[in-house]
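Read the structure below first, then the notes.
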Amino acid sequence: MTDRRQRPPRRGQGELEAQVLSALRVGEEPATAGWVQERLGGDLAYTTVITILTRLLAKGAVTRERAGRSFVWTPASDEAGLAARRMRRVLDGERDRGAVLASFVTSLGPGDERLLRELLARPEAQLTHPEAQPAHPEAQPAHPEAQLTHPEAERED
């Protein structure tokens, strides 16, 4: 009779990348692959961690610097930045950007559409400062003209 060890359940797509990024964010300084492996625990092989980090590097989700004979890794941005990067990749892969953006905007709920309008009305410098974070999606807009309307309804007759 053969000794069959129980394999852990297979991770969902992107789950291991998310775990690696989460481990890097916990660190207060750039981390080695060995440090990430220790934080993730379990039976994750060092080579698997290196593979995931290399994939994340190719996606622009992490950066690396030479440290002796090895590398140290740092997350390139927070979770919001990574989600924005994924959205941009999808948009870049489409021929009709206008149609994609229009479809996206029309699929937003009222709170998210309001938030998007508020963000588009802000000066670019305000979007990059932590103190200029947007209000909660369901919050009332600061200005009445920021209320939801369709582009046709914005015309003055």
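Side notes on the structure shown:
- Flag if ARG88 is surrounded by 10 or more Cβ atoms within 10 Å (Cβ to Cβ) and either touching a Lys or Arg at 6+ places or on another chain (Cβ under 8 Å) or at pLDDT 50 or above (or both): yes
- Residues of region 59-79 classified as surrounded by 14 or more Cβ atoms within 10 Å (Cβ to Cβ), at pLDDT 90 or above and not hydrophobic (A, V, I, L, M, F, W, C), total: 4
- The one condition in (1) closer than 29 Å to LEU116 by Cα; (2) out of contact with any Ser or Thr (no Cβ under 8 Å at 6 or more places or on another chain) that VAL62 fails to fulfil: (2)
- Only listed residue being out of contact with any Gly (no Cβ under 6 Å at 6 or more places or on another chain), hydrophobic (A, V, I, L, M, F, W, C) and open to solvent by 50 Å² or more (accessible area, probe 1.4 Å), chosen from LEU108, LEU101, LEU56: LEU101
- Only one entry in LEU82, LEU57, LEU40 is out of contact with any His (no Cβ under 7 Å at 6 or more places or on another chain), in contact (Cβ under 8 Å) with a residue 24 or more places away in the chain and within 13 Å of LEU24 (Cβ to Cβ), namely LEU82.
- Filtered by the rule that a residue be among the β-branched types (Val, Ile, Thr) and part of a helix (DSSP H, G or I), region 28-56 gives VAL36, THR47, THR48, VAL49, ILE50, THR51, ILE52, THR54.
The values are calculated or read from the model by the stated rules, or taken from the named source; none is laboratory data. On a predicted model such as this, the values are computed, not experimentally measured, just so you know. Methodologically, a virtual Cβ is constructed for each residue, glycine included, from the backbone with ideal geometry; neighbour enumeration extends over all protein chains shown. Side chains are part of the model used for accessible areas, which takes the heavy atoms of the whole protein and leaves out ligands, DNA and RNA. Shrake-Rupley method; radii C 1.70, N 1.55, O 1.52, S 1.80 Å.
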